[in-house]
Amino acid sequence: MKRLSVKSESPTGFNTKIHDNYLGTDMTIRQAVKKVENGLYPKYHVRTKSDTGEKFIASNPDRSKNNNLG
């Protein structure tokens with residue numbers, strides 16, 4: 001089972017809530033970004049949208065599709 005999944009997103013498709021499947025908890029995208037930046041989710045990294053500067057998380061590249069957000 002993948003660690004993180006998208007719980008909800010905006011009408012434009014931007015992830016707004018993330019679910020930790022291991023802990024059974026939800027968090028806002030800002031909370032998730034801070035946790036990834038602090039190393040709590042090592043298989044994920046933070047990206048920044050170039051047009052708005054908003055930060056979001058993405059799974060680290062590998063051959064598996066099972067751990068992708070979505």
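The values are calculated or read from the model by the stated rules, or taken from the named source; none is laboratory data. This one's a predicted model, so the numbers in the text were calculated from it and none came from an experiment. Cβ placement follows ideal geometry from the backbone for every residue including glycine, while neighbour counts extend to all protein chains displayed.
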Going through the range 28-52 one residue at a time, which ones are out of contact with any helix residue (DSSP H, G or I) (no Cβ under 7 Å at 6 or more places or on another chain), outside any helix (DSSP H, G or I) and more than 18 Å from MET1 (Cα to Cα)?
-> THR28, ASN38, GLY39, ARG47, THR48, LYS49, SER50, ASP51, THR52
Of residues in the range 6-35 being more than 21 Å from ASP51 (Cβ to Cβ) and under 9 Å from the mean Cα position of the chain (by Cα), the one surrounded by the most Cβ atoms within 10 Å (Cβ to Cβ) | ILE18
Within the range 36-50, residues being surrounded by fewer than 11 Cβ atoms within 10 Å (Cβ to Cβ) and of a type in the set (Lys, Arg) number 1
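From the list SER50, SER59, pick out the single residue that is touching a Leu at 6+ places or on another chain (Cβ under 8 Å) and modelled with pLDDT under 95.
Working: SER50 fails: touching a Leu at 6+ places or on another chain (Cβ under 8 Å).
Of the residues listed, the single one that is touching a Leu at 6+ places or on another chain (Cβ under 8 Å) and modelled with pLDDT under 95 is SER59.
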